[in-house]
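A quick write-up on the structure given underneath.
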């Protein structure tokens with residue numbers, strides 16, 4: 001068994017530490033874990049035969065925004081990107097609808113999608129996921145160089 005994961009976490013076989021005394025938490029990326037635990041900056045993920053343990057730089061319960069910025073920027077970048085794309089497209093859709101109504105052109109479609117209004121939502125979700133995935137990949141690449 002390897003004792004250091006791809007993300008720099010320490011792998012602890014359950015034979016060494018069969019029980020974790022901390023309460024389970026939903027905070028953090030599960031990464032396929034059965035359960036997660038937190039104790040301050042310590043983040044533990046439980047898998048079938050081992051635990052993955054790493055220490056965050058900032059405790060998410062003490063400073064959630066700081067934790068997002070320093071330890072989990074992929075979530076913050078994804079959220080901000082998704083909101084930005086959604087907001088931009090929603091504004092364009094509203095402005096286009098007002099223009100169409102003013103011109104009494106009921107047969108035209110918005111340049112950004114159908115008039116049902118789902119396009120900004122779908123584009124925002126796609127942008128959020130793409131930004132998250134890209135940032136997470138860059139974060140992994142940076143950790144490999146360390």
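Residue by residue through the stretch 28-38, note down the ones that are surrounded by fewer than 14 Cβ atoms within 10 Å (Cβ to Cβ) and either more than 17 Å from residue 13 (Cα to Cα) or in contact (Cβ under 8 Å) with a residue 40 or more places away in the chain (or both).
Matches in the stretch 28-38: 30, 31.
If I filter the stretch 12-22 down to residues being touching a strand residue (DSSP E or B) at 6+ places or on another chain (Cβ under 7 Å) and free of Cβ contacts under 8 Å to residues at least 40 places away in the same chain, which single residue comes out as nearest to residue 68 (Cα to Cα)?
Filtering the stretch 12-22 for residues that are touching a strand residue (DSSP E or B) at 6+ places or on another chain (Cβ under 7 Å) and free of Cβ contacts under 8 Å to residues at least 40 places away in the same chain, the one nearest to residue 68 (Cα to Cα) comes out as 22.
Rule-based calculations on the coordinates, nothing more; no lab input. Computed from a predicted model, the values in this text were never measured in an experiment. Every residue, glycine among them, receives a Cβ derived from its backbone with ideal geometry; neighbour counts consider all protein chains shown.
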